[in-house]
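The values are calculated or read from the model by the stated rules, or taken from the named source; none is laboratory data. The shown structure was predicted, so the numbers you read here are calculated from the model rather than taken from an experiment. Methodologically, a virtual Cβ is constructed for each residue, glycine included, from the backbone with ideal geometry; neighbour enumeration extends over all protein chains shown.
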Amino acid sequence: MQDLSEVEILQVALAHEERARSFYERMSARHGDSTAGDLFAFLSREEVDHIRKLTERHGIPEFEKDWQEKYVPYLIDLDRLAWEEGVETQYLSGPEAVRRGLGIARKAEAHAISFYVKAGRSVDDKGTKALLAELEVEERKHLAKIEGFLSDLPPAPR
C-alpha cells in the first residue's frame, strides 16, 4: 500500500465499491423479491453510499471509480469469483444460489475490510483516516449481516 498516494488509495476504494455495487445489483435482480434479493439490494445501496462518501468528502470525482485496470492488484475480481462459483448460471437456483452469491459477498466484504485497515495505516490525513475507519466499520456490519443470513440457510446438500 506504500506505493500508492492518498488520492490513489481513494481511487482504489472507489473502484472496489463500484465492483461490489455492480455485483450486488445483479444479485438483487437475480433473486428478485425474496429475502436474499432484499439483502443484495441493501448491500448495493450501501455501496452507493460509500461511493458518495468517498467522492463528496474528499473531492475524488465519481468517474474515477471506473479506473479499475490501474488498480487491479488491489481489487478483488467479483465477476471471476461468480463465474468460478457458477453463481450467475441459469441452472443454479434456490438456497444454493443464495449461498454461493453470499459467499462471494462475504469475500468482497472481507477484502474491503482488509483494504480499509491497510489504507488507514498508509495515509496521514486525519479526515481520510476517519473516512477509511468509518467505511471499515460499515463493511464489518455488512459482513455480520451476510454471516447471519448464511447461518439461517438450510444446510448445503451433500
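Residue by residue through the range 1-25, note down the ones that are under 12 Å from A105 (Cα atoms), of a type outside the set (D, E, K, R) and surrounded by fewer than 20 Cβ atoms within 10 Å (Cβ to Cβ).
If the condition is that a residue be under 12 Å from A105 (Cα atoms), of a type outside the set (D, E, K, R) and surrounded by fewer than 20 Cβ atoms within 10 Å (Cβ to Cβ), then S22 is the only one that fits.
Does A112 qualify as being small (G, A, S), at pLDDT 65 or above, over 12 Å from the mean Cα position of the chain (by Cα) and part of a helix (DSSP H, G or I)?
For A112, the condition - small (G, A, S), at pLDDT 65 or above, over 12 Å from the mean Cα position of the chain (by Cα) and part of a helix (DSSP H, G or I) - is not met.
Can you pull out every residue in the range 26-41 that is buried (at least 18 other Cβ atoms within 10 Å of the Cβ) and among the polar types (S, T, N, Q)?
Across the range 26-41, the qualifying residue is only S28.
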